[in-house]
Amino acid sequence: MPKLRASLWVAATALGLITVVVILAPWIVPFQPDAQNLSARLQPPGTVHWLGTDHLGRDVLSRIMDGGQFSLTIAALATVTTAVIGTAVGILSARRRGWVDELFTRTNDVLLALPEMVIALFLVAALGTGYHSLLLALIVTGWTPFARLARALALDVSARGFVEAAHVLRCSPAFIVRRHILPHLAGPLLGQATLRFGQFLITVGALSYLGLGVQPPQSDWGSMLAAAQPYAARAPMTILAPGLVIFAVALSVTLIGQHLLRTSAQRVVPVLAGAEQEPAHA
């Protein structure tokens, strides 16, 4: 295995620590996330409140730990769901071709004509704010990258000799997909999923910042940024802390995703590295 760069180790460590802290948040938060104390509002970081307090006297660290459960959970659910849907659509399009492939291509073109954020804003505004509306908006806008990648890789793998041999042996389509196509798609799709997780996290934060995500009294990192903005000059940690957490998670998953894509391109599917050729036969 190639030696991992120091930046990748740092990214993996940071992501792991943040994830563990968020998962354990209900048991390790130093204060109740929604407990208000107006006499302690906008306090700077100290020994009692490590990251200070917000404009309602709530502990910033506790709210970051609690809010991360919403941000990371919805980003993870959107990533898994869009990966499954996109992979299934891409493989179906590559295997069936004809009108199925044409329908996918046209649908993909329509979704690419508008930025994902614009579509997500429209859907959330139409369906109403809340957890389920936000998740649906991410799913509708997020499956196309997986489908495009899965279709391209499935077309490449389907043209190879071992798949043609499976057809000659009258193997079932389900067996061919499960045994020969999916293993070649796993690496690139995992890298794509990691990158999309970071993008979903930023989208969730942006929608919550605009007031279209989680609603009070529940918190997430995006809504914390919006609430802290009027007090940024007086208590900068209230806006720096959630912003830095979002940045750290997004950067970490991006570095990990890029490494996974490079590794899979070199070892699994040569077409991703620009070498569209059949593997050498003995």
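Taking the options Val124, Val60, Val100, Val80, name whichever one is over 30 Å from Ala241 (Cβ atoms) and either among the aliphatic types (A, V, I, L, M) or surrounded by fewer than 23 Cβ atoms within 10 Å (Cβ to Cβ) (or both). Just a single option satisfies the conditions, and that option is Val100. Of all residues in the stretch 64-105, those satisfying the criterion of being within 17 Å of Ile23 (Cα to Cα) and either hydrophobic (A, V, I, L, M, F, W, C) or in contact with an Asp or Glu (Cβ under 7 Å, 6 or more places away or on another chain) (or both) are Ile64, Met65, Gly67, Phe70, Ser71, Leu72, Ile74, Ala75, Ala76, Leu77.
Just name the residue that is nearest to Gly187 (Cα to Cα) out of those in the stretch 236-282 that are part of a loop (DSSP other than H, G, I, E, B) and modelled with pLDDT of 50 or more. Step by step, filter the stretch 236-282, then rank; the result is Val268.
Of the listed requirements (1) crowded, with 16+ Cβ neighbours inside 10 Å; (2) assigned to a loop (DSSP other than H, G, I, E, B); (3) among the β-branched types (Val, Ile, Thr), Val22 misses just one: (2).
Any chance the stretch 221-232 includes a residue that's within 19 Å of the chain's Cα centre (by Cα) and among the hydroxyl-bearing types (Ser, Thr, Tyr)?
Going residue by residue through the stretch 221-232, those that are within 19 Å of the chain's Cα centre (by Cα) are 221-223.
Narrowing further to those that are among the hydroxyl-bearing types (Ser, Thr, Tyr): 223.
Within the stretch 221-232, one or more residues are within 19 Å of the chain's Cα centre (by Cα) and among the hydroxyl-bearing types (Ser, Thr, Tyr).
Of all the criteria given as (1) at pLDDT below 80; (2) in contact with a Lys or Arg (Cβ under 9 Å, 6 or more places away or on another chain), the one not satisfied by Gly98 is (2).
The residue pairs whose first member lies in the stretch 27-44 and is closer than 11 Å to Gly57 by Cβ, whose second member is among the charged types (D, E, K, R) and loosely packed, with under 14 Cβ neighbours inside 10 Å, and whose beta carbons are closer than 6 Å, counting only pairs six or more residues apart or on different chains, are Leu42/Arg234.
The set of residues in the stretch 36-50 that are in a loop (DSSP other than H, G, I, E, B) and out of contact with any Ser or Thr (no Cβ under 8 Å at 6 or more places or on another chain) comprises Gln36, Pro44, Pro45, Gly46, Thr47, Val48, His49, Trp50. Checked against the criterion of being out of contact with any Ser or Thr (no Cβ under 9 Å at 6 or more places or on another chain), outside any loop (DSSP other than H, G, I, E, B) and at pLDDT 75 or above, the candidates Leu138, Leu153 yield just one match: Leu153.
Can you pull out the residues in the stretch 95-130 that are touching a residue at least 24 places away in the same chain (Cβ under 8 Å) and among the small types (Gly, Ala, Ser)? Result: Ala120, Ala125, Gly130.
Being β-branched (Val, Ile, Thr) and farther than 16 Å from Leu261 by Cα is the filter here, so list the residues in the stretch 177-205 that pass it.
Restricting attention to the stretch 177-205, the residues satisfying the condition of being β-branched (Val, Ile, Thr) are 177, 181, 194, 202-204.
Listed by number, the residues that qualify are Val177, Ile181, Ile202, Thr203, Val204.
For the criterion of being touching a residue at least 60 places away in the same chain (Cβ under 8 Å), part of a helix (DSSP H, G or I) and either on the phi < 0 side of the Ramachandran plot or within 18 Å of the chain's Cα centre (by Cα) (or both), Ser62 fails.
The values are calculated or read from the model by the stated rules, or taken from the named source; none is laboratory data. Here the structure is a predicted model, which is why all the values come from computation and not from measurement. When we count neighbours, we look across all protein chains shown, and the Cβ atoms used for this are built from the backbone with ideal geometry, even at glycine.
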